[in-house]
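Derivation of every value follows stated rules applied to the coordinates shown; laboratory data play no part. What you see is a predicted model, and the numbers here were worked out from it, not measured in a lab. Here the Cβ is made from the backbone with ideal geometry for all residues, glycine too, and neighbour counts use every protein chain on show.
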Amino acid sequence: MCGVKHVIGFIKQSIEELKKIQFPSRRETLRLTAYVVGISITAGLLITLFDYVFKELLTLILTK
């Protein structure tokens, strides 16, 4: 029976902790999502640019 009391206590404590959660507002969620998308696009463009530059450099070096 002692195990059941521990489980019930754990569930009660978990519910109390879940009540303390503060979710971001819709505006903040959209703002942070825009940051992530912007940084992802920027990183992708930079990687593409570096890839192109290194490919051209390697082609120049290897064809001489």
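List nothing, just return the count: lysine pairs in the chain, 8 or more apart or interchain, with Cα separation under 24 Å.
On the way: 5/19; 5/20; 12/20; 55/64.
For the chain, qualifying lysine pairs total 4.
Under the Karplus relation 6.51 cos²θ - 1.76 cosθ + 1.60, θ = phi - 60°, what is the ordered set of whole-Hz ³J(HN,Hα) values for the range 48-64, x standing for Gly and Pro?
For the range 48-64, the Karplus-derived couplings read 4, 4, 4, 4, 5, 4, 5, 4, 5, 5, 5, 4, 4, 5, 7, 8, 7 Hz, x marking Gly and Pro.
So what are the ³J(HN,Hα) numbers for the range 32-43, from phi and the Karplus equation (6.51, -1.76, 1.60; θ = phi - 60°), rounded to whole Hz, Gly and Pro as x?
Result, rounded to whole Hz: 5, 5, 4, 4, 4, 5, x, 5, 5, 5, 4, 4.
If you take the charge dipole of the range 23-64 about its Cα centre, with +1 on Lys and Arg Cβ and -1 on Asp and Glu Cβ, which of 48, 24, 34 is farthest toward its positive end?
Highest projection toward the positive end goes to 24.
Quick one: divide the alpha-carbon radius of gyration of the chain by 2.2 N^0.38 Å and tell me what you get. Intermediate results must be reported in sequence, preceding the final value.
On the way: Rg = 26.3 Å, N = 64, 2.2 N^0.38 = 10.7 Å.
Rounded to two decimals, the normalised Rg is 2.46.
Per the helix-only calculation at 222 nm, which mean residue ellipticity applies to the chain, given -39500 (n - 2.57) for every DSSP H run of n ≥ 4 and division by its residues, nearest 500 deg cm²/dmol?
Calculated from helices alone, the mean residue ellipticity at 222 nm is -31000 deg cm²/dmol.
Measure nothing fancy, just the Cα-based angle from helix 2-19's long axis to the longest principal axis of the chain, in degrees from 0 to 90, nearest 10.
Tilt of helix 2-19: around 60 degrees.
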